[in-house]
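Everything on this sheet refers to the single structure shown next.
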Amino acid sequence: MAAAHHIGRACVGTLLASLLLTSCSGATGVDANTGFAQGDGAYTRIAPADRVPAPVLTGRTLTGEPLTTAGRQGRIIVLNVWGSWCAPCRHEAPELIKTSRETVDVADVIGINTRDLDPAQATAFTRTFGIEFDNFYDPDGTLLLQLTALPPNAIPSTVVIDQQGRIAARVIGETTAATLVGTIGDLVDEQ
């Protein structure tokens with residue numbers, strides 16, 4: 001009987017920890033297989049006076065080439081965190097492509113592929129959807145953890161960085177081209 005009581009307490013502790021993690025991320029549920037939470041698409045816009053500098057991310061692309069967010073002042077950066085294993089990421093991919101094409105003169109869309117242990121999976125994803133914008137390969141989440149504006153377990157998520165290199169908006173969960181293009185247009189209008 002004591003063993004059953006101990007196991008029951010352990011299950012309750014695990015459940016509470018899972019609920020706390022989910023509620024902190026703004027997510028709607030945690031996938032038992034991946035440990036990642038799907039966000040609810042919550043959009044947050046940050047007033048110019050309240051914006052903080054975004055971290056400069058430096059790493060490698062899916063093909064091993066160097067990639068950085070440094071040196072892009074004057075351009076808006078859209079950072080989207082995704083994984084090839086993520087169903088909402090597959091649904092969102094055409095929206096990011098549309099955003100990239102419609103805002104090419106003022107913005108850079110950059111993906112951060114996370115938790116794909118082999119870049120071949122992520123490369124197949126980009127080939128399948130015709131993604132032409134650059135993507136960091138971040139299998140262990142090192143770059144993702146630098147983006148403190150995002151909960152590390154909510155995939156997909158997106159951060160929009162203004163022309164001065166400050167975090168201007170975020171979406172926890174799947175986003176749309178309308179949301180991103182509208183945000184980029186608003187940031188252009190601020191200048």
Matching residues in region 20-45 (over 20 Å from residue 146 (Cα atoms) and either at pLDDT 95 or above or open to solvent by less than 40 Å² (accessible area, probe 1.4 Å) (or both)) number 2
Taking the condition of being buried (at least 16 other Cβ atoms within 10 Å of the Cβ) and on the phi < 0 side of the Ramachandran plot, how many residues in region 103-120 meet it? 11
Every pair of residues 6+ apart whose Cβ atoms lie under 7 Å, when the first sits in region 58-75 and is over 15 Å from residue 165 (Cα atoms) and assigned to a loop (DSSP other than H, G, I, E, B) while the second is at pLDDT 95 or above and not charged (D, E, K, R): 62/113; 62/119; 62/122; 62/123; 62/126; 62/135; 62/137
If you take the residues in region 134-189 that are over 20 Å from residue 107 (Cα atoms) and polar (S, T, N, Q), which one is least open to solvent (accessible area, probe 1.4 Å)? 153
Residues (in contact with a helix residue (DSSP H, G or I) (Cβ under 6 Å, 6 or more places away or on another chain) and more than 16 Å from residue 184 (Cβ to Cβ)) located in region 53-78: 55, 57, 59, 62
Kindly provide the set of residues from region 46-55 that are open to solvent by 90 Å² or more (accessible area, probe 1.4 Å) and either touching a residue at least 24 places away in the same chain (Cβ under 8 Å) or among the basic types (Lys, Arg) (or both), ordered by number. 53
Specify the residue that is nearest to the chain's Cα centre (by Cα); the eligible residues are those in region 79-102 that are part of a loop (DSSP other than H, G, I, E, B) and either surrounded by 22 or more Cβ atoms within 10 Å (Cβ to Cβ) or small (Gly, Ala, Ser) (or both). 83
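The values are calculated or read from the model by the stated rules, or taken from the named source; none is laboratory data. All values reported here derive from a predicted model rather than from experimental measurement. Every residue, glycine among them, receives a Cβ derived from its backbone with ideal geometry; neighbour counts consider all protein chains shown. Please note that ligands, DNA and RNA were not included when accessible areas were found on the heavy atoms of the full protein model with its side chains. Shrake-Rupley method; radii C 1.70, N 1.55, O 1.52, S 1.80 Å.
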